[in-house]
Amino acid sequence: MKLRKIVTIVEEIRTEGDREVNPPARVAVVAAVIENPWAGQGFVKDLTPGIDATASDLGALLAPLVLDALEEPAEAYGKAAIVGLDGEIEHGSGLIHTLKFGDHFRKAANATTLLPAVEKRGPAGIIFDIPLKHITDATIRSHHQTVEARIADAPHAGEIVIALAAASQGRPQQRLAPLSSEK
Amino acid sequence: MQQSLRGEGIGLRKVVVYRETVITEGGQQPARRTLQASVAAVLRNPWVGTPPTHELSDEVTRIAPALALLLTDRLQSALGGVDAVEAFGKAAIVGCGGEIEHGAALIHTPYFGNVMREYLDGTSILCFADARAEAGDPLVIPLWHKTHAATRSHYQTVSTRVSDAPRPDELVIVAAGSSGPRPHPRIGDRTTDPAVTIKSLESVLS
């Protein structure tokens, strides 16, 4: 894995709807900017060797960093792969849609659910939204939320941005009826 | 001071910390691994709806010091402590319902700048950026060395952005810094420059 940059973003929300959020809601994102493992190789049919060489290392790098940045236990989480313009979205999907990547985060956060994800392709400075859901029950509606991220100079055309996101709680001022109430 | 560090009573909605570390640049590791960070506070613009004749100093003396303390403390924490901070800068983004003067009021007086400088053991004047913008517009913040502003290796910028701020009646106030120089600084310094004048450049300019 050729790593260029690590970016951390932490949002702390003190008020929402003009009402205090107490304790403040925290959401953290940690992103790694890496060289696309398949850059310059044309269409690679079998992505497995590149995934095996990269995905687990990425998960092991990012999982502790995002939990450190959150400074609180994670209640919701998500992931992202943003592919530079010369790559395929399949390249980013390959790196994050494998248990080799996600299990590091699940284990570190005592989580059980699948990580919701965004995969897209774009230029450096692209804004991406990372979806988050509850770490043990993806039907818990209060924890459905998103966080935005942007890195001014990434991804370059031959790079991929891989990110993890974690939230300390559900949406600020969450007050929707639970899914079970509509059944 | 504890109250100031929590940012109470200044109309604070949100604090966003952005930090990045360059591992490689141009394919090579920098001699020093440097952190850059910005800390952005989103707060209500206390002057929205007031005319340009309105005196700003009451709110400046009340809000700016608390804001400076909150932002600067978060900044040093993000960069690894006061001693780790080598370069600094500041910024204001004014929501479209306010005047640029409102952002200037909160960052360009001693009530902000002196607090930030003293907290970070700096002596340089703080370089800055300001803008009036819609929510989500990025702003590039210049940084320079906190005690030797002319140190060329430390001229650098960091980008900041808050997805949903400033609203028209809000301000985003930012403290930014770095724990070192650009990744591969190699453009000399004032001490190594030859004396360059238009006359000395005749051969290049002709």
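No lab work stands behind these numbers, since they all come straight from the coordinates. Computed from a prediction, not measured in an experiment: that's the story for all the values here. Positions of Cβ are backbone-derived with ideal geometry, glycine not excepted, and every protein chain shown enters the neighbour counts.
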Next item on the list: Just add up the charged neighbours of B:P110: K/R +1, D/E -1, any other residue whose Cβ is under 12 Å from the Cβ of B:P110.
Entry: 0
Margin query: Counting only other residues whose beta carbon sits under 15 Å from that of A:T113, what net charge do I get with K and R as +1, D and E as -1?
Written below: +2
Notebook entry, point to check: Hey, what do the phi angles of the stretch B:104-120 turn into as Karplus ³J(HN,Hα) couplings, whole Hz, using 6.51/-1.76/1.60 and θ = phi - 60°, x for Gly and Pro?
Noted result: 4, 4, 7, 10, 9, 10, x, 5, 9, x, 5, 5, 5, 4, 5, 4, 9
Checklist line | Cβ crowding within 10 Å averaged over residues, with B:50-61, B:34-45 ranked highest first | finding: B:34-45, B:50-61
Notebook entry, point to check: Helix-derived [θ] at 222 nm for the protein assembly as shown: sum -39500 (n - 2.57) over DSSP H runs of at least 4, divide by residue count, nearest 500?
Noted result: -7000 deg cm²/dmol
Notebook entry, point to check: Of B:V172, A:A166, B:I10, whose Cα points farthest to the positive end of the dipole of the protein assembly as shown (charges on the beta-carbon: +1 Lys, Arg; -1 Asp, Glu; origin at the Cα centre)?
Noted result: A:A166
Next item on the list: Using only Cα atoms, find the angle between the long axis of helix A:99-108 and the longest principal axis of chain A, and express it within 0 to 90 degrees, rounded to the nearest 10.
Entry: 40
Margin query: Could you check the spin-label model distance between A:E182 and A:I89? Points 7 Å from the Cα along Cα→Cβ, value in nm.
Written below: 2.5
Item checked: For residues of B:41-54, the mean tally of beta carbons on other chains within 10 Å -> 1
Check: With a 10 Å Cβ neighbour count serving as the proxy for reagent exposure, in which order, fewest first, do A:D86, A:D52, B:D130 appear?
Finding: A:D52, A:D86, B:D130
Check: Of the beta bridges DSSP finds with both residues in the stretch B:73-173, what % are antiparallel, to the nearest 5?
Finding: 60
Next item on the list: For the stretch A:6-18, just list the computed ³J(HN,Hα) in residue order, Karplus coefficients 6.51, -1.76 and 1.60, θ = phi - 60°, integers in Hz, with x standing in for Gly and Pro.
Entry: 10, 10, 10, 10, 10, 9, 10, 9, 9, 9, 8, x, 6
Item checked: Whichever lysines have a C-alpha closer than 24 Å to that of A:K100, once near sequence neighbours (fewer than 8 apart) are set aside -> A:K2, A:K5, A:K45, A:K79, A:K120, A:K133
Note to self: Give me A:E12, A:E20 sorted ascending by neighbouring Cβ count inside 10 Å, so fewest comes first.
What the structure shows: A:E20, A:E12
Next item on the list: Enumerate the lysines that B:K146 could reach by cross-link, defined here as Cα to Cα under 20 Å, with residues fewer than 8 away along the same chain left out.
Entry: B:K90
Next item on the list: Run through every distinct alpha carbon pair of the protein assembly as shown and return the Kirkwood hydrodynamic radius in angstroms, one decimal place.
Entry: 22.3
